[in-house]
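Peer 1: Structure in structure tokens, see below.
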Amino acid sequence: MIELNTAQQGLAGKTFRTSVDTLSVLRSAFDHYDARRILDIGCGDGTLAHALHECGYSLAGIDPAAAAIDRARERLLAAEFRCALAEALPADLGQFDAAYFVNSLHHVRSDQMQAALLNAISVVGTNGIVLVIEPLAQGSFFRAMRPVEDETRIRAQATQAIEGLISAERLVLHDLRRWNRENLFTGLDDFIAYLARVLPERAEVARRNEAALVRAWRDNIRSIDGMAALIQPMICWTLSAPQEPRR
């Protein structure tokens, strides 16, 4: 997987290859805030947790899917993975320097998204940070996956949940970063398998909506070295708890 960065000032619409990717965005923030003990909220099969562990961080993860947690435990024996909801974190989870949601906040029930964010803040305390990385409802990747699942509404709800807590001064925004992620696939079956890794039921939806999916795939891919490329715009909020006023 390659990721791209879209310039934010003066270069709108121009996309170019850079070293920006999800892992580097997380590492940059963790190193800036001297965060070593990290909680992955919505860890899935532990792929990202494993990559961060290889970079020297101490990881723990939670996910509501028991099968995903089993795979994460097999992938990374050095981390603690637990089956839990983001809006109902285990009371004995402990404290962390940082926590992150990567493509996971929009999978939380919309009426529980703010609770999930505040739970993340509670386990990092007043000195920790929470990073939320979300895909936007834009780009060729999003258009290609719409016949399988149209996430326009839930992605907007995730953004609203974050912005609502910032506006209410229950979260402090330290940084907002945008980039374009470029995903490469060998073909449509590979794309469907990628979508089904997150939600297995998507494979059946893809089968039922095959004609529309084939059209969306054909209309949105571009070829790079024999691979099919799809672009997904991403956004990352770096958040913390409000600092207590000095007395």
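The values are calculated or read from the model by the stated rules, or taken from the named source; none is laboratory data. Just so you know, these numbers come straight off a predicted model, no measurement behind them. Neighbour counts run over all protein chains shown; Cβ positions are idealised from the backbone, glycine included.
Peer 1: Residues in the stretch 116-175 that are within 17 Å of LEU89 (Cβ to Cβ) and at pLDDT below 95: how many?
Peer 2: Residues meeting the conditions: 1.
Peer 1: Now a separate question. Counting just the residues of the stretch 21-62 that are of a type in the set (D, E, K, R) and touching a strand residue (DSSP E or B) at 6+ places or on another chain (Cβ under 7 Å), which one comes out nearest to ALA116 (Cα to Cα)? Write out each step before concluding.
Peer 2: Residues of the stretch 21-62 that are of a type in the set (D, E, K, R), as a first pass: 21, 27, 31, 34, 36-37, 40, 45, 54.
The next check asks that each one be touching a strand residue (DSSP E or B) at 6+ places or on another chain (Cβ under 7 Å); those that pass are 21, 36-37, 40.
Values: ASP21: 24, ARG36: 22, ARG37: 19, ASP40: 12 Å.
Restricting to residues being of a type in the set (D, E, K, R) and touching a strand residue (DSSP E or B) at 6+ places or on another chain (Cβ under 7 Å), the top hit is ASP40.
Peer 1: For the stretch 29-53, which residues satisfy the criterion of being on the phi < 0 side of the Ramachandran plot and either aliphatic (A, V, I, L, M) or at pLDDT below 95 (or both)? Spell out the reasoning first.
Peer 2: To start, the set of residues in the stretch 29-53 that are on the phi < 0 side of the Ramachandran plot comprises 29-33, 35-41, 43, 45, 47-53.
The answer is ALA29, ALA35, ILE38, LEU39, ILE41, ASP45, THR47, LEU48, ALA49, ALA51, LEU52.
Peer 1: Need the failing condition index for ALA168 against (1) exposed (fewer than 14 other Cβ atoms within 10 Å of the Cβ); (2) touching a strand residue (DSSP E or B) at 6+ places or on another chain (Cβ under 8 Å); (3) hydrophobic (A, V, I, L, M, F, W, C), just the number.
Peer 2: Status for ALA168: all satisfied but (2).
Peer 1: Looking at (1) crowded, with 18+ Cβ neighbours inside 10 Å; (2) part of a helix (DSSP H, G or I); (3) free of Cβ contacts under 8 Å to residues at least 24 places away in the same chain; (4) of a type in the set (A, V, I, L, M, F, W, C), which is the one condition that is false for ALA137?
Peer 2: Evaluating ALA137 over (1) crowded, with 18+ Cβ neighbours inside 10 Å; (2) part of a helix (DSSP H, G or I); (3) free of Cβ contacts under 8 Å to residues at least 24 places away in the same chain; (4) of a type in the set (A, V, I, L, M, F, W, C) leaves (2) as the failure.
Peer 1: Which residues, taken from the stretch 64-108, are among the charged types (D, E, K, R), touching a strand residue (DSSP E or B) at 6+ places or on another chain (Cβ under 8 Å) and free of Cβ contacts under 8 Å to residues at least 40 places away in the same chain?
Peer 2: Correct list: ARG73, GLU80, ARG82.
Peer 1: Now for a different question. Do you know which residues across the stretch 74-117 are among the aliphatic types (A, V, I, L, M), surrounded by 22 or more Cβ atoms within 10 Å (Cβ to Cβ) and either in contact with an Asp or Glu (Cβ under 7 Å, 6 or more places away or on another chain) or not in a loop (DSSP other than H, G, I, E, B) (or both)?
Peer 2: ALA98, ALA99, VAL102, LEU105, VAL108, MET113, ALA116, LEU117
Peer 1: Scan the stretch 111-161 for residues that are more than 16 Å from the chain's Cα centre (by Cα), closer than 22 Å to ARG181 by Cα and among the charged types (D, E, K, R) and report the count.
Peer 2: Qualifying residue count, the stretch 111-161: 5.
Peer 1: Here is a check on your reading of the model: is ALA120 out of contact with any helix residue (DSSP H, G or I) (no Cβ under 7 Å at 6 or more places or on another chain) and assigned to a helix (DSSP H, G or I)? Break it down into steps so the answer makes sense when it comes.
Peer 2: Details: out of contact with any helix residue (DSSP H, G or I) (no Cβ under 7 Å at 6 or more places or on another chain): yes; assigned to a helix (DSSP H, G or I): yes.
Yes: the conditions hold for ALA120.
Peer 1: Under 9 Å between Cβ atoms, which residue pairs at least 6 apart in sequence (or on different chains) link something in the stretch 198-214 that is within 29 Å of ARG71 (Cα to Cα) with a partner that is surrounded by fewer than 13 Cβ atoms within 10 Å (Cβ to Cβ) and at pLDDT below 95?
Peer 2: Filtered contacts from the stretch 198-214: PRO200/ALA67.
Peer 1: Considering only the stretch 31-60, state which residues are buried (at least 20 other Cβ atoms within 10 Å of the Cβ) and assigned to a strand (DSSP E or B).
Peer 2: Across the stretch 31-60, the qualifying residues are ILE38, LEU39, ASP40, ILE41, LEU59, ALA60.
Peer 1: Right, next: Can you spot a residue in the stretch 207-225 that is under 21 Å from LEU48 (Cβ atoms) and of a type in the set (Phe, Trp, Tyr)?
Peer 2: Step one: list which residues in the stretch 207-225 are under 21 Å from LEU48 (Cβ atoms), which gives none.
Scanning the stretch 207-225 turns up no residue that is under 21 Å from LEU48 (Cβ atoms) and of a type in the set (Phe, Trp, Tyr).
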